[in-house]
1. Carbon and sulfur together cover what percent of the accessible area of the range 26-79 at a 1.4 Å probe radius?
2. Roll a 1.4 Å probe over the protein chains and send me the accessible area per residue for the range 26-79 in Å².
3. Of all the C-alpha pairs in the range 29-74, what % are more than 16 Å from each other?
Amino acid sequence: MFIETDQGAAAPTDQPVSVTLPEHNYEDVRVLLLGSLTSVQNTIALLFKLNYAEPNDWSRPLATGRPNEVMAILTKRVRVD
């Protein structure tokens, strides 16, 4: 069936190359949206289209206590070099 031709041959001893990646500093930033429910939802959709944040990354709209006003909060980790 199968014939082994390398009996006793040493296995390759290639070691993975160690690559040092640059270190970057990151900080958290909070983005706060205040407005009507429609305007907050539209702004979240626009920021998604601009590849800034996923809609699910935002808090659910929270009432502020003012008439017809909600807020949504996003905490995003950004690179600060």
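1. Details: 2110 of 4110 Å².
Whole-percent figure for carbon plus sulfur exposure: 51.
2. Here the residues of the range 26-79 average 76 Å² of exposed surface.
3. On the way: 306 of 1035 pairs.
I get 30 percent for the Cα pairs in the range 29-74 exceeding 16 Å.
The values are calculated or read from the model by the stated rules, or taken from the named source; none is laboratory data. The shown structure was predicted, so the numbers you read here are calculated from the model rather than taken from an experiment. Note: accessible area is taken over every heavy atom of the protein model, side chains too, but ligands, DNA and RNA are not part of it. Shrake-Rupley method; radii C 1.70, N 1.55, O 1.52, S 1.80 Å.
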